[in-house]
Amino acid sequence: FLSGKTALITGSTSGIGLAYAKALAAEGANVVINGFGDADEIETERKDLAAKSGAQAIYINTDLTTAEGCEELMQGAFDKFGAVDILINNAGMQHVAPIEEFPVDKWNKIIALNLGSSFHTCRLAVPKMKEKGWGRIIMTASAHSLTASPFKAAYVSAKHGLAGLTKTLALELAQDNITVNCLSPGYVWTPLVEDQIPDTMKARGMTRDEVINEVLLEREPTKKFTQPDDLAALALFLCRDVADNITGANISADGGWTAQ
Ligand code: NAD
């Protein structure tokens, strides 16, 4: 149902972003992927996406911690496809440290990537969405856009900011047939999360199940991970016509974490 549309997903060389790209391509959208990683692996993913969509898939490698990097990404998409109809702001990073030790450069980078890049991609994408009279903007926020954990000052601040940006743009664009929403997962089953398990088992002398239930999913009553494909399905739903009156929402997929 997305043929003729172009989707750009930031941070889509792995994890959740790649799941969005696959889901959107499977519905026939052109996709623009972005992020870091092994060049050969990314090229394999890109070819696979194009094969899935029957449309086109391009990769633009820019660093989204700078305004210039964001501009280069959006310009590359416009040069190829003319506009971005579906913008998914997903790129993000984390750093865990107490406030008095929090490295200033990590604070600046996390705020720039997890929040600033969405400001830049949106300000550049919106004029063309307005021209076309249709648009969908989706942010991967986090349970940490609604609640906090200690030692994650930059991440929690940026994700709360992203939730605020979502609401603001939803209001600004309410009459333009452009919806703006964020998805807020708890822990998502990605390689990054899976890779933490062996070290945590060793460090805490715990079994795999104990690490999963008592450490990773401590705050999630369902004791279940959200899957990247679950988020991709939500994003697809938001792109459908039936979702055209859902805007400014912060949709939780956190196993009840923020219900507590
Ligand atoms: P990931 O590390 O697998 O993916 C992050 C993506 O961002 C990668 O493609 C990476 O190359 C890219 N990226 C990193 N720095 C970049 C930069 N400077 N410029 C451009 N791209 C850059 O992580 P993920 O778990 O898939 O996370 C995706 C989003 O989901 C993030 O915003 C994260 O905060 C959010 N999230 C993840 C979880 C989780 O449990 N995994 C939970 C809640 C929210």
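Using the alpha carbons alone, the radius of gyration of segment 71-214 stands to its Kirkwood radius in an Rg to Rh ratio of 1.06. Just list whichever of Lys22/Lys128; Lys52/Lys132; Lys128/Lys159; Lys47/Lys223; Lys128/Lys152 have alpha carbons separated by over 31 Å in the model shown. The pairs that break the limit, which is 31 Å between Cα atoms, are Lys47/Lys223; Lys128/Lys152.
Relative to the longest principal axis of the Cα atoms of the chain, the long axis of helix 153-172 lies at roughly 30 degrees.
Computed across segment 151-260, the Kirkwood hydrodynamic radius from all distinct Cα-Cα pairs reaches 15.9 Å.
For the chain, find the longest principal axis of its Cα atoms and tell me its angle to the long axis of helix 67-81, 0 to 90°, nearest 10. That works out to roughly 40 degrees.
Applying the Karplus relation 6.51 cos²θ - 1.76 cosθ + 1.60 with θ = phi - 60° to segment 219-226 yields 3J(HN,Hα) values of 9, 10, x, 6, 6, 10, 7, 6 Hz, where x marks Gly and Pro. Between the amide H of Thr65 and any residue lying 5 or more places away or on another chain, no distance stays under 5 Å, with hydrogens modeled in the peptide plane.
Close amide H partners of Ile251, meaning residues 5 or more places away or on another chain with modelled amide H under 5 Å apart, are Cys182, Leu183, Ser184. Full extension of the segment from Phe151 to Arg240, taken as 0.36 nm per residue of separation minus the current Cα-Cα distance, would add 28.2 nm. Within the listed set Asn61, Asn114, Asn34, the residue fluctuating most in the Gaussian network model of the chain (springs between alpha-carbon atoms under 10 angstrom) is Asn61. Comparing Met139, Met93, Met129 in a Gaussian network model of the chain, where Cα atoms under 10 Å apart are tied by springs, the biggest mean-square fluctuation is seen for Met93. With the Kirkwood sum run over all distinct C-alpha pairs, segment 1-141 has a hydrodynamic radius of 15.2 Å. Only Cα sites of the chain enter the Debye sum here, all with the same form factor; the resulting log10 I(q)/I(0) across q = 0.13 1/Å is -0.82, listed in q order.
Any read-out appearing in this document is the output of simple, stated calculations on the displayed coordinates, not a laboratory observation. Worth saying up front: this structure is predicted, and the values here are computed from it rather than measured.
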